[in-house]
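Readers should treat all values here as calculations from the given coordinates under stated rules, not as data from a laboratory. What you see is a predicted model; the values in this text were computed from it and never measured. For neighbour counting, all protein chains shown are included, and Cβ atoms are generated from backbone atoms with ideal geometry for every residue, glycine included.
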Amino acid sequence: MHRSFGRKEKKLPEAVIDLEGLQALLDSLTIRGYTVLGPTVRDGAIVYDEIAGVNDLPAGWTDEQDAATYRLTRRDDSALFGYAVGPHSWKKYLFPPQTLLWKARRSSGAFEVEEAAPQGGPYAFLGVRGCELAAIHIQDRVFLGEHPDPTYADRRSNAFIIAVNCSTPAGTCFCVSMGTGPRAGPGFDLSLTEILEGDRHAFTVDVGSERGEELLSALPHMPATTEDERSAEAVIERAAGAMGRSMDTDGIKELLYGNREHPRWDDVAQRCLSCTNCTLVCPTCFCSTVEDTTDLTGDNAERWRSWDSCFTLDFSELGGNNVRTTTRGRYRQWMTHKLASWIDQFDTSGCVGCGRCITWCPVGIDITEEVAAIRETQEGSRHGDT
Amino acid sequence: MVGPADMSGPMTPRIFRVASKRRETADTVTLAFDPLEGPQIELRPGQFDMLYAFGIGEVPISMSGMSEGSVLHTVRAVGAVTRAIYDAGEGDVFGMRGPYGNGWGLEDHPGADVLIVAGGIGLAPLRPAIEHVLAHRELHGKLSVLIGARSPELLIFQDDIARWQARLDAQVRVTIDVAPSEWRGAVGLVTELIPRVSFDPGRTVALVCGPEIMMRAVATDLMDLGVASDQIRISMERNMKCAIGHCGHCQFGPEFVCKDGPIFPYERVESLMRVREV
């Protein structure tokens, strides 16, 4: 289960680096051929994009988040990672919003299919939070199973992951409830914890892989002291105590399976706009559609895959009709899938507690509140029938 | 030459040519497909392929039989892709990938009576199961085939049905919802045929395919007669974009119809069948 994410045996961090060390880390990755991606401020939000160096990071910024609310504000320090997660997730790199799958060309009464080779990368992800690392592990289970997705497999296996333990959870965060954070791991190459003490600005470094070890050894670094460890642990402990939301996940699969006709679905359907925002910002939502196109000659065809959402009417099209015609049916599908049937399908919850669906819902629907409402007034028993 | 299938990702089709075409009804045809190169796709009864019409799109279609080494697919024109397939002629090419899905699993029930209930084009995925039982008659108990259609001209596989009805070792019944005056057979819902054939409910496996409401009605009647819900198998249908469990479209509760199905023991989906919009 996902609950193992975010826990890690405590041991002394391998090293401490300063700001110069962090820049050297990014330079080393660039020299090794990685495209370095990380958080940066754009359009009033902290998004993920290519970064050239430490100067591109959101120094001194933090985010205030609540249901349907996201604001950047200044911190009173120069922290580089003093915020939670923004509208982007790493999903956009591993499972791109649009992917060309193949091209086909008519020739002499038949046609030939030419597969699109995986493109992009290798990528280094800087600033992966515990919830986000857990989300990547969840998408691994979707895309690296019996039929591995070529693009995902290629990008994932080559990705260098630098986690940064969360110091500043947002008002919509509940990773502690989902067991995914705030401590990131396992599954990173390197994991940093940002320490700001007086004039000191440093990062403890945990190593999670051989290539992480190799990279660290090439950087200017100091051995971590017990004092450093204590400082890093304090950061994580403070974060764990600062969750803006919580969700009671006890028996949640049975709770939702047993309440498919709960009146709360009608209630939430009155508020939900079926806008798909929650599915697009969700770091684990994996649904896609395909589009088959031709050029004007009709002789050249392409197949594109793009993100799709269970909140659209077309999603459930079947023989000219639609299975889920109501917002009630679609919201129930999304939430029941995310929190319940995902467990049957992939042996993990589909929710990592990142809070994006709450923040970016234009009408402020709160998944933790919806679960609580059903739990308080459920029809069947707590472990009701399915 | 190395075909795309040898190196390809799971969404890449191989090319198949239409070897022959048979009209079933005003909007339904059966096409026989052969690969341009490489091996034929080997499907078990109940499995399906993804059929791609050049530049138009892709649809999941059950295998409706094998004929002289060709894979048969029976397609009703309801959308742009199925219309293109319906309009195809001999020699036309399509993309195809498969096989997908789990199949009817008749082999799990040696010696059992086999009760097959089909509604409309739901007969298509059941046809290879019927042919399999008829070809291996000694491996199975009594064979009953109950077929419902809205009207006589919507009955597919009429030659096959006549051939099956001529067999002395099978009970084959057909009913029509709305019958013209010249119709001499049964009129009514397919469930009304159930009491008219003989099978032992305690040792029967039932294979059912048709509209969901029909499958639910059939399953309910069969359970009332004493057929265990895990001995009733239904073939589910949902929107599908990938057939490999990636696209999410075919979810039916916790099930991915494409890889966990399309055939499900009724016991496993019974509670879902009672809920709208799952």
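A compact table of results
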{"item": "Within the range B:175-278, strands (runs of 3 or more DSSP E) holding 1 or more residues that are without any contact (Cβ under 8 Å) to a residue 60 or more places away in the chain and closer than 30 Å to residue A:339 by Cβ", "result": "B:232-235, B:263-265"}
{"item": "Answer from A:125, A:111 - the residue that is part of a strand (DSSP E or B) and either out of contact with any strand residue (DSSP E or B) (no Cβ under 6 Å at 6 or more places or on another chain) or facing another protein chain (nearest Cβ under 10 Å) (or both)", "result": "A:111"}
{"item": "Top-ranked residue in the range A:324-363 [being surrounded by fewer than 22 Cβ atoms within 10 Å (Cβ to Cβ) and aliphatic (A, V, I, L, M); ranked as farthest from the other protein chains (Cβ to nearest Cβ)]", "result": "A:363"}
{"item": "Matching residues, the range B:38-55, being surrounded by fewer than 19 Cβ atoms within 10 Å (Cβ to Cβ) and more than 18 Å from the chain's Cα centre (by Cα)", "result": "B:38, B:39, B:40"}
{"item": "Counted residues, the range A:258-280 - those being among the polar types (S, T, N, Q) and in a helix (DSSP H, G or I)", "result": "3"}
{"item": "Scan of the range A:286-307 for residues that are closer than 30 Å to residue B:211 by Cβ, within 7 Å of chain B (Cβ to nearest Cβ) and not polar (S, T, N, Q), ordered by number", "result": "A:286, A:287, A:290, A:292"}
{"item": "Residues of the range B:21-67 satisfying the condition of being among the charged types (D, E, K, R) and within 14 Å of chain A (Cβ to nearest Cβ)", "result": "B:27, B:34, B:37, B:58"}
{"item": "Pairs, first touching a residue at least 24 places away in the same chain (Cβ under 8 Å) in the range B:150-161, second of a type in the set (Phe, Trp, Tyr), C-beta under 8 Å, six or more apart", "result": "B:152/B:183"}
{"item": "Residue count for the range A:258-278, restricted to those that are touching an Asp or Glu at 6+ places or on another chain (Cβ under 8 Å) and within 12 Å of chain B (Cβ to nearest Cβ)", "result": "4"}
